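Shown next, in structure tokens, is the structure this report addresses.
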Amino acid sequence: MSRWIHERSGSFSRRHLLQAGAGLGASLLLPQAFAGRAFAAGDADKPAIGTWPADVQGDTVYVGAAVPRTGAYAVQGEDELKGWQLAVEHINNGDPLLKEIAPKVTKGLLGKKVDLLVADSAAKPNEAVQEEQTFINQNKILLMTGSTSSAVAVALNKFAQREKVLYVTGISGSNDTTGKDCVRYGFRQNFYGETAANAIGPVLVKQFGKDRKAAFMTPDYTYGHTVTKSVNDYLSKNAGWTMVTNQVSPLGTEDFSQYLTNIANSGAEFLINVNWGRDAVLSIQQAKQFGILPKMTLVVPYQIPFLAKETGPELTAGVYAATDFWWTLEDKYPLAKKFVEAFYEKYKYRPEWGANNSYMSFAIWARMVSEAGSFYPPDVIKQYEKGETFPSTVGDVHFRKEDHQLVRPVVIVRGKKPSDMKNDEDFWEVLDIVPGDSLMQSPTAFGCNLGDYT
Amino acid sequence: MFNWSNFVSQCFNGLVLGALLALISSGLTIIYGTLGVLNLAHGAMFMLGGYAGWVAFSVTRSFIAAVIAGGLFMMVVGVLVERVIVRHFYKRPHEDQLLVTFGLGICLVELVRFFFGSLSKSVPPPAPLVGITPLGFMFYPTYRLALLGIVAIALLALYIVLYRTRIGMIVRAGIEDSVMVDSLGIDTDKVFMLVFGIGAMAAGFAGIVNAPVVSLSPDVGEAILVQTFVVVVIGGVGSFPGAILGGLIAGEIISITSMFNPAYSYVMLFIAMTLVLVLRPYGLLGTAGRE
């Protein structure tokens, strides 16, 4: 060893030594210098987990969104994205609306600016996971979001648990997201198959009676299968309805003629369409072409943002649907009014439920982080799991600690006739707001096992 | 559950579905057969034709104007694309051709998304073709019935151009042996430009006549492209009659399978393609040696 030092020292100038020493000294000192700013009191003794604490070293913290901007769910993805953008803007400004949901937010979150990174997932699980992985590697994101397809939500759930990075879902209607595929690191704000079925089921039975025949249209992935099952279970068990056919189509189907031919020959009285996004628009338009509509009564158990705008209100008039949010709730909830106004001012249209879901998801996350006083993921998770009641755009809500599902109402709407519309976005009439508690299955019914904190 | 009325309905539906696939595939197969370029922008051209037609419809409210605009606009786009881009790739490896047309497709789709957004655009069928027609075994959308006739006429027109004109003879000769055609002193340069234009026009025409059935979005060509490739492979690469036969077979497979279980309709389509590749590697009406 000494021989090596001796030999090397000949070419090692005093200047190099000073530079190296200064560098070494700085590298030893810097983490502590940063530590004073990055860690909240009590964070210093916590072991690193996921991207933490690398994610909170700078002035800005990053959130990664993998959202469909192309493909069958592109229209809904853009709306969601606007909700997140508005929420980030409100977090950074300390907007009064956001502060009603998250009172401890000042300007930014725990003294840091929040920045949203966006990638197009095309509603494909593999692409969404790949993009979030890139965000983790390159930007040390501390929160993931995105999904307009439950296939993406379930994939990102598992990825979040593996990477120990928090994930709040975008739109995800599958029972599995907070059921058998639930995770400790994932949280869902919006309604889902079971709550939709239990909310719209009684309305259908009351309106149309018992022993009716229904044809289902189901997109071929976790969302479609679980929503169809929940709705069919409710109607068959409680009112003796029969599923005469279930037409399962892949996500992104363009021509539904072969499915509709089967439905036309099925003898059904109701068309319960679980298809979503562009699939729903096309299947409904084509059902009209085939004369299935208005011969059969259309039911949309899981509302699709912009459906009425795309198909035209003639096709959605009289249609019953269950949804998460509709802008006319502004008449009932003050926070909804503030949200709709802020959104309209920025984007020049009234938000759909996807945008509301995105906004609320981030506002709730900001609340949990600011209440916990730390970005340390297990602390934030435990804050969610306290199950505290807080205000939202649909009244008071709380998280269920056993499956990380928000307990929130489901809104029942019916399509308005064009002649009844008060403005060009007045497509739906709110019939009922069903409280969440009564709609949810027991926390263990769908096999949720959250997994570890660390 | 099997019932005859549904079976007949599905067979009929398969015919309509197949006719449309045949029309789109014919453009793809003519271009590949003559130029040796596999045009991955074909789906985007189908989409762009639809949007061109939609713009014309919005201005004139005439469906016929929309169809003419969709077809002609794509012919012009096709000629321009061939002159400016594709021409430089004839002598380059197939991978380069795939990449450049794939990239072109993405550009076209995103340009349309930029200008028109992602919300669906509808083109209603002309007034006499609105509504449903009773066929005895089922009620069928009148426009889809008419589509069968529209596509048949378009395919007949393509047939006449390819089989009854001098230019068609050159094109077909080019498909069989392009080196020999060149050696005979025929200006293949112009022929190639024209063929690409005709292929793009077929895609654009299909795009606009399909618009009343499937409303437009920037991604409308994506799924079609995959199905079209399957049709071309089944029918035989470069074969015009093959594209028609392949289209009809694909339409029937998709429709009839979906009667039993819709989830398997595309699986069956790919199984059929695999069988064709195993038993007749050049496709049902393809010939060895074509490139």
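Rounded to the nearest Hz, the phi-derived 3J(HN,Hα) couplings of the stretch B:244-257 under the Karplus curve 6.51 cos²θ - 1.76 cosθ + 1.60 (θ = phi - 60°) are 5, 4, x, x, 5, 4, 4, x, 5, 4, 4, 5, 5, 4, where x marks glycine and proline. Considering only C-alpha atoms, what is the centroid distance from the stretch B:193-243 to the stretch A:400-419, in Å? Going from one Cα centre to the other spans 42 Å.
Counting only aspartates and glutamates at least 8 places from A:Lys82 when in the same chain, those with an alpha carbon closer than 18 Å to its own are A:Asp95, A:Asp115, A:Asp120, A:Asp324, A:Glu341, A:Glu345, A:Glu352, A:Glu425. Summarising the strand pairing of chain A, around 35 percent of its internal DSSP beta bridges are antiparallel. The fewest-to-most ranking of B:Ser58, A:Ser230, B:Ser25, B:Ser118 by surrounding Cβ atoms within 10 Å reads B:Ser58, B:Ser118, A:Ser230, B:Ser25.
With a simple spin-label model that places each label point 7 Å from the Cα along the Cα-to-Cβ direction, the separation between B:Phe114 and A:Asn423 comes to 3.2 nm.
Is there a pair in A:Lys107/A:Lys332; A:Lys104/A:Lys346; A:Lys113/B:Lys121 whose C-alpha atoms are over 32 Å apart, and which pairs would that be? Could the numbers behind the result be given before it?
Details: A:Lys107/A:Lys332 29 Å; A:Lys104/A:Lys346 25 Å; A:Lys113/B:Lys121 39 Å.
Among A:Lys107/A:Lys332; A:Lys104/A:Lys346; A:Lys113/B:Lys121, the Cα-Cα distance tops 32 Å for A:Lys113/B:Lys121.
Compute the Cα gyration tensor for the stretch A:194-323, then decide on rounded, prolate or oblate, letting a ≥ b ≥ c be the square roots of its eigenvalues: rounded whenever a/c is under 1.5, prolate when a/b is larger than b/c in the other cases, and oblate in all that remain.
Working: a/c = 1.34, a/b = 1.29, b/c = 1.04.
Rounded, since a/c falls under 1.5.
Simple spin-label estimate for A:Lys213 and B:Leu156 gives 4.1 nm between the two label positions (7 Å along the Cα-to-Cβ direction from each Cα).
Near the amide H of A:Gly173, within less than 5 Å, lie the amide hydrogens of A:Ser150, all on another chain or at least 5 residues away, with H placed in the peptide plane. Where a Cα-Cα gap under 19 Å defines reach, which aspartates and glutamates qualify for B:Lys190, not counting those fewer than 8 residues away within the same chain? In chain and number order, the partners are B:Glu82, B:Glu176, B:Asp177, B:Asp182.
Evaluate E = 1/(1 + (r/R0)^6) for A:Asp45 and B:Phe270, where r is the Cβ-Cβ distance and R0 equals 60 Å; express this FRET efficiency to the nearest 0.05.
0.55
Backbone phi angles across the stretch A:299-307, fed through the Karplus curve with coefficients 6.51, -1.76 and 1.60 (θ = phi - 60°), yield HN-Hα couplings of 10, 10, x, 10, 3, 10, x, 6, 4 Hz in residue order; Gly and Pro are listed as x. Near the amide H of B:Gly36, within less than 5 Å, lie no amide hydrogens of residues on another chain or at least 5 residues away, with H placed in the peptide plane. In this simple spin-label approximation, A:Asn137 and A:Tyr347 carry label points 7 Å from Cα along the Cα→Cβ vector, and these lie 3.1 nm apart. When only alpha carbons are used to place a centre, the stretch A:150-225 and the stretch B:130-153 end up 38 Å from one another. What shape does chain B take by its C-alpha gyration tensor, where a ≥ b ≥ c are the square roots of the eigenvalues and a/c under 1.5 counts as rounded, a/b above b/c as prolate, and the rest as oblate? Because a/c hits 1.5 or more and a/b fails to exceed b/c, chain B counts as oblate.
Close amide H pairs (under 5 Å, H built 1.01 Å from N) link A:Val248 with A:Thr218, B:Ala263, residues at least 5 positions away or on another chain.
How about the stretch B:97-142: which chymotrypsin sites (Phe, Trp or Tyr not before Pro) there are in a DSSP loop, with at most 16 other Cβ atoms within 10 Å of their Cβ?
For chymotrypsin sites (Phe, Trp or Tyr not before Pro) across the stretch B:97-142 that sit outside H, G, I, E and B with at most 16 neighbouring Cβ atoms in 10 Å, the list reads B:Phe137.
Under 22 Å Cα to Cα from A:Lys158, which lysines show up? Leave out anything in the same chain fewer than 8 places away. Qualifying lysines at Cα under 22 Å: A:Lys124, A:Lys140, A:Lys180, A:Lys382, A:Lys401.
Need one word for the protein assembly as shown: rounded, prolate or oblate. Basis is the Cα gyration tensor (sqrt eigenvalues a ≥ b ≥ c); a/c below 1.5 gives rounded, then a/b vs b/c decides. Working shown, then result.
Values: a/c = 2.21, a/b = 1.29, b/c = 1.71.
Oblate, because a/c is 1.5 or more while a/b does not exceed b/c.
Non-local lysine pairs in the stretch A:194-323, meaning eight or more places apart or on different chains, with alpha-carbon distances under 21 Å, amount to 12. Here the Karplus relation 6.51 cos²θ - 1.76 cosθ + 1.60, evaluated at θ = phi - 60°, turns the backbone of the stretch B:176-188 into coupling constants of 6, 7, 6, 5, 5, 4, 4, 5, 6, x, 7, 6, 5 Hz, with x for every Gly and Pro. Which of the listed residues, A:Thr106, A:Ala123, A:Pro202, is farthest toward the dipole's positive end in chain A, when Lys, Arg count +1 and Asp, Glu count -1 at the beta-carbon? Of the candidates, A:Thr106 comes out farthest on the positive side.
Where does the longest stretch of chain A lie that holds no trypsin sites (Lys or Arg not before Pro) found in a DSSP loop with 14 or fewer other Cβ atoms within 10 Å?
Working: sites that count: A:Lys104, A:Lys107, A:Lys210, A:Lys332, A:Lys348, A:Lys386, A:Lys422.
Within chain A, the longest run free of exposed trypsin sites (Lys or Arg not before Pro) spans A:211-331.
Under a model in which nothing but the beta-carbon of Lys, Arg (+1) and Asp, Glu (-1) is charged, the stretch B:20-225 shows a dipole of about 480 debye around its Cα centre.
All of the numbers you see were taken from the coordinates with simple rules; none came from a lab. The structure presented is a predicted model; accordingly, all values stated were derived computationally and were not measured. Glycine gets a Cβ as well: all are built from the backbone with ideal geometry, and neighbour counts include every protein chain shown.
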